[in-house]
Each structure stands twice: as structure tokens, then as C-alpha cells.
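To keep things clear, I will list the structure first and then write my remarks on it.
The values are calculated or read from the model by the stated rules, or taken from the named source; none is laboratory data. In this text, all values refer to a predicted model and were calculated from it rather than measured experimentally. All Cβ positions, even for glycine, are placed from backbone atoms using ideal geometry, and neighbour counts span all protein chains on display. Keep in mind that these areas ignore ligands, DNA and RNA; they rest on the heavy atoms of the full protein, side chains included. Shrake-Rupley method; radii C 1.70, N 1.55, O 1.52, S 1.80 Å.
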Amino acid sequence: SPWIFPRFAPKMAEGGEGWTPPFSKRKCLCVITGGSKGFGRSVAVALSAELSRNSHIVVLGRNSESLRDTEKLCKAMSPHIQITTLFGDLSKASVIGGVFACLRFQVDPTDYNHALLVNNAGSVGNVSLRTCEHSNPQELDSYFNLNVSSAVSLTAKFLEFVRPGNLPCTVVNVTCDEAQRPRKCHALYCAGTAAREMMFKVMAQEEPHLRTLNYNPGPLETDLKTKVMTEAADSEVREEIRRLRDDNQLIDPDISARRLVQVLKEDQFKNGQVVNFHFEES
């Protein structure tokens, strides 16, 4: 069953005696979704600087050319890290199975000491519509397939994939303020991120021997914010983003990615809880 998760000694999850932090000279297998640009790319580059020699980073994305740029940046940061890029649209149900079919030919999980999955892929959705205007069921299915279903399915497949190696695992879900706070024109985004965040909180209770983190990178200076600023149906929402940008309140994705890596290195977070960019927990 794809829902069989690897189990490990409790002390390995709790940071107690005998626990080795995941990036302390450990050969790591890492999978990052949404890594062709933005925060996902920044996470890939930040991890490249920290992972030990011969670790392997697998970057998934929807833009093959941008994925090549991510690969170049990672290799420039650390030529001793193996980088694999896989192109695919996670809103398509068949893609996830294809991803792990490819990995089985390239990766032996028994070669590694730790496994890390960063669920970053996602989209803001159609912000030009208000909630009562989302009447197209095909568009809704596509949105939630990418932003919710694919994260659930990919996490299960990843844990199943690494199970033969009996690896300690860390699973990161990239979340946001909108997972807990409603915002006009963001009905799909709020619902999708809230669902994902809760799914990982449930998994943390069900699988206490995994390390599970919901990381909120803060308001990032990315294409997502530009899309909201130009397309949101509500003028107040557009103005809010414009004001954040004008006041230099948007966060550089590289800075937030390095903060995420620091959180993972310190390994002090509680399973399933949200850790914000400023190290606040909720």
C-alpha cells in the first residue's frame, strides 16, 4: 500500500541521545517540488551548500529550461552534490507515478543516510474571480489536484520509495499566512494551503517517528505576488501587495530558504507545527 510509512526508533525523531541532525555530515536524498524558480529553486541552492558530499537533490518542476538554470546554480554552489531535474505537471495524476518510475532507475535509497522531501509546488489560482464566481468544476479539479492531491500522493509515494533504505525521513510542507487567514480573491489558495497544512499535522500525529515540518517562508518577492498585484479582482488586495513591495517588506526567497535550512539543521521544531520565517510557532 502507498500509505505504508517507514518507522524508526523514537529517539531518532525526538532529537534525543543517539540522534544525528539530518545535515550533520549525512549523505542525504532530497526531493524538492516546484523547484524550477522562486522559493523552490532557492531551497535547492541553499541545500546544495549544506548537504554532504555525494548527496543527491532531485528537483521537480514544470519548466524544463528553468530547471536547467536551477541545476546550474546548485552545481555552482557545490560540485560534489548530484542534481537530477525532472520535468512534469503535478496537476496530472499520471506524473507522480512517472517521477518515481524514473527515480527507481537512478536512485538506490539504501545508498543514503537521510531522506528529505520539500513539498513546495503550488499556485495561487485565479485571483481575478471572487469565491462565488468559481463555477468551472474542471478548473477547480485542476487546482486542487496540483495544490492538495499531488502533495498527499507524492508524500506517500516518496515514503514508500525510501522505505527499503530504512532511512530517517524529514517531510517539509511549504505553507503560508493564507492557510490560517482568509484573504479576498484567494478562496482557492486559502482552502488549498489550509488543507495541505492540516494534512501534514495529521500525518505528524499518525507517524511520530517522521520529522514533519510546516514552514511558512513569509511574504516572498516572487512571481506569485506579481500575479496577485496585477490580476486580483479586489483593488485593496492589489494595493496591499504594491505597498509591501514599495516598502521593501517582501522577503528575498534566498534569505527565507537559508532560514528553512537553518531550522532543519537545528532540528528543534515540534512535529507538524508551523514554523514561520521569524521562528514563531503556531
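Remarks
- Close pairs from segment 125-143: first among the basic types (K, R), partner in a loop (DSSP other than H, G, I, E, B), Cβ under 8 Å, at least 6 apart: R130/K184; R130/C185; R130/A233; R130/D234
- In segment 158-209, residue nearest to L224 (Cα to Cα) [restricted to those that are in contact with a Lys or Arg (Cβ under 9 Å, 6 or more places away or on another chain) and among the acidic types (D, E)]: D177
- Candidate set from segment 94-121 (those that are within 28 Å of Y143 (Cβ to Cβ) and among the polar types (S, T, N, Q)); member that is least open to solvent (accessible area, probe 1.4 Å): N119
- Among residues of segment 137-165, those that are under 21 Å from G272 (Cα atoms) and either open to solvent by 50 Å² or more (accessible area, probe 1.4 Å) or assigned to a loop (DSSP other than H, G, I, E, B) (or both), counted: 3
- Search result, residues across segment 193-213 that are polar (S, T, N, Q) and surrounded by fewer than 18 Cβ atoms within 10 Å (Cβ to Cβ): Q205
- Residues that are open to solvent by 20 Å² or more (accessible area, probe 1.4 Å) and not acidic (D, E) were ranked within segment 175-187; the one that is nearest to H134 (Cα to Cα) is A187.
- Residues of segment 50-87 satisfying the condition of being polar (S, T, N, Q), assigned to a loop (DSSP other than H, G, I, E, B) and either open to solvent by less than 40 Å² (accessible area, probe 1.4 Å) or under 22 Å from N147 (Cα atoms) (or both): S52, S55, N63, S78
- Criterion applied to V95, V99 was being of a type in the set (A, V, I, L, M, F, W, C) and in contact with an Asp or Glu (Cβ under 8 Å, 6 or more places away or on another chain), and the one residue passing it is V95.
- Yes/no for R62 being closer than 18 Å to S123 by Cβ and not small (G, A, S): yes
- Matching entry among L146, L117, L159 (being in contact with a Pro (Cβ under 8 Å, 6 or more places away or on another chain) and under 25 Å from V202 (Cα atoms)): L159
- Enumeration of residues in segment 214-225 that are part of a loop (DSSP other than H, G, I, E, B), over 21 Å from M199 (Cβ atoms) and open to solvent by less than 50 Å² (accessible area, probe 1.4 Å): G218, P219, T222
- Residues within segment 226-282 that are in a helix (DSSP H, G or I) and either within 15 Å of the chain's Cα centre (by Cα) or of a type in the set (K, R) (or both), tallied: 16
- Residue match in segment 266-278 (condition: closer than 23 Å to S36 by Cβ, of a type outside the set (G, A, S) and modelled with pLDDT of 95 or more): no
- Segment 88-123, residues that are at pLDDT below 95, of a type in the set (A, V, I, L, M, F, W, C) and part of a loop (DSSP other than H, G, I, E, B): L90, V107
- Boolean, S91 is touching a residue at least 12 places away in the same chain (Cβ under 8 Å), farther than 20 Å from D69 by Cα and open to solvent by 20 Å² or more (accessible area, probe 1.4 Å): no
- Within segment 230-275, the only residue that satisfies the criterion of being acidic (D, E), over 20 Å from V124 (Cβ atoms) and touching a strand residue (DSSP E or B) at 6+ places or on another chain (Cβ under 9 Å) is D267.
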